[in-house]
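Heads up, the thing below is written out as structure tokens.
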Amino acid sequence: MDNSIWLNIFYVIQLLFLALGVYYFVISLFAFLPGKKDPEVEGEDSFAIIVAAHNEEVVIKNMVESLKELNYPKDKYEVFVVADNCTDGTASIAKDAGAKVFERFNDKEHGKGFALEWMFQKIFKMKRKFDYIAIFDADNLVDKNFLVEINKKTRLGEKVVQGYIDSKNPRDSWISYSYSLAFWLVNKLYQTSRANLGLSCQLCGTGFVVNTDILKQIGWQATCLTEDMEFTMRLALNNIKVAWAYDAKVYDEKPITFMQSWKQRVRWMQGHADVASRFIAPLTKKAIKDHSIVPVDCAIYLLQPLRIITMGVVTVMAWLNVMYPGQNLIVWGLLPDKAFSIFVIMQFMWGPLVMIVEKRFNKNTILDFFIYMFYSLSWIPIAAVGMVRKNNREWFHTKHSQAISIAEMR
């Protein structure tokens, strides 16, 4: 193939990467607008709290205790632990801590999505009825005001609400800090910006609530490796947005080693690619039919694995352009030097600016971002592996070991 044709192909790839980057950047600007203050609400909705657990005897006690200490009327919520295919003491420890435990054993349907669907049916059949169902992971710790803040949204009519995912072990390793930093950036630049724009936020797998009637109406049916993403897209197809509760804080345990991180993120990318292959077309059709940007935004989010891989191509082309100057291998190399320099500076400073606004900036922040670049680049092979293996739905467990209490977190 002629070299000029290859160069044009690379330009198209780079333009796709640039277009997605500009889109995300423009949307992220709205994260810095002052959000609307919620009006005062009266009354309390009731919540069935589900904690999904598979061999979590190290962390389940602290999680249940944090839920039992919520600053919310005790008669308005109940804690349920679904001990899914457990072979350790998770069930008995959770019961002793005060949770109502349901043990599930199924050697064919593995994974959190299946466990949740099974538990939902149990709750639907209970004599006691709940307005909402809240979902958590066993390694979480929950801020005492979580339900208070969520209730402010549900009483205003929001049907699905995602809380703020924070970290309980940011400084355990460079990997756990990079994860934490990534979530802090997503909370601000992705979730808050979309909340301010009236778009749908994304469910994060934990720390969210769903209206019980909505769950009965459209069903769960989210049993892939990224059940939260799958359900978010199903909500969008049913004209239901995910609301955002910034002050409803949940602390989860981040992986400590690179290999733990690699396995978890490959699973995420497998699920992401799987959901993308099934939902981009329906979301696009709905956007055209309804003249709505909400499904468009969700579909663009599903392009994330492709964006990561194009980032890899762009990175390689940039290195080659340095080695062979004057070849114009990168499309923005055609831009004036001053314009490109401004673009690079803005991209580099965006993250530290978020840290300043979020009051997390310290003397190590700039160094942390240099380390974070290695974490970000590691997404490139992970995304490629995930896309290749998107049809592999084998679920595996991420071991949790940080037995931290909510009192220690405070």
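Can you give the calculated 222 nm mean residue ellipticity of the chain, where each DSSP H run of n ≥ 4 adds -39,500 (n - 2.57) and the sum is split over every residue, rounded to the nearest 500 deg cm²/dmol?
Working: 16 runs with 211 residues, N = 410.
Rounded to the nearest 500, the figure is -16500 deg cm²/dmol.
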Modelling each spin label as a point 7 Å along the Cα-to-Cβ direction, I'd like the K122/V385 distance in nm, to one decimal.
3.4
Is there a pair in K76/K108; K37/K249; K74/K122; K254/K289 whose C-alpha atoms are over 29 Å apart, and which pairs would that be?
K76/K108; K254/K289
If I take R0 = 22 Å and measure r between the Cβ atoms of K399 and D38 in this structure, what FRET efficiency does the formula 1/(1 + (r/R0)^6) give, to the nearest 0.05?
0.05
For G89, distant residues with modelled amide H under 5 Å away
E57
Hydropathy first: keep DSSP H helices in the chain averaging at least -1.0 on Kyte-Doolittle, then drop any whose Cα extent along the axis falls short of 20 Å, and list what survives.
3-29, 258-290, 304-323, 337-357
Computed from the beta carbon distance with a Förster radius of 30 Å, FRET efficiency for S378 and Y246 to the nearest 0.05 stands at 0.55
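Determine, from the Cβ-Cβ distance of V186 and D96 and an R0 of 22 Å, the FRET efficiency 1/(1 + (r/R0)^6), rounded to the nearest 0.05.
Values: r = 35 Å, r/R0 = 1.61.
For V186 and D96, the calculated efficiency is 0.05.
For the pairs K68/K168; K216/K263; K36/K216; K61/K159, note any where the Cα-Cα span goes beyond 28 Å.
Working: K68/K168 18 Å; K216/K263 33 Å; K36/K216 31 Å; K61/K159 30 Å.
Exceeds cut-off: K216/K263; K36/K216; K61/K159.
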Contour excess over end-to-end distance, with Cα ends at E109 and Q217 and 0.36 nm allotted per residue
36.6 nm
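Quickly rank 301-309, 85-93, 20-28 as a protection proxy: mean count of other C-beta atoms within 10 Å, highest first. Each step should come with its number before you reach the end.
On the way: 301-309: 19.6, 85-93: 17.8, 20-28: 15.0.
The peptides rank, most packed first, as 301-309, 85-93, 20-28.
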Separation in nanometres of the label points that stand 7 Å from Cα toward Cβ, at D75 and L18
6.4
The stretch 42-257: C-alpha pair distances exceeding 22 Å, %
48
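Using 0.36 nm per residue of separation minus the Cα-Cα distance, give me the extension gain between D290 and K129 in nm, one decimal.
Details: separation 161, 0.36 × 161 = 57.96 nm, distance 3.45 nm.
Result: 54.5 nm gained on full extension.
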Name the long-range amide H neighbours of S167: under 5 Å, sequence gap of 5 or more, or other chain; modelled H, no Pro or chain starts.
D252
Considering the values [x] 23.9; [y] 20.8; [z] 21.9, which represents mean projected area of the Cα convex hull in nm² as calculated for the structure under consideration?
[z]
Taking only Cα atoms of the stretch 198-281, radius of gyration then Dmax in Å:
14.2, 41
Note the full-extension length gain between L156 and W174 as 0.36 nm times their separation in residues minus their Cα-Cα distance, in nm to one decimal.
2.5 nm
Which distance in nm do the two modelled labels at I356 and A407 give, with both placed 7 Å along the Cα-to-Cβ direction?
4.0
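Every number in this text was worked out from the coordinates using simple rules, so none of it is lab data. Note that this is a predicted model, so its numbers are computed, not measured. So basically every Cβ, Gly included, is an ideal-geometry build from the backbone, and we count neighbours across all protein chains shown.
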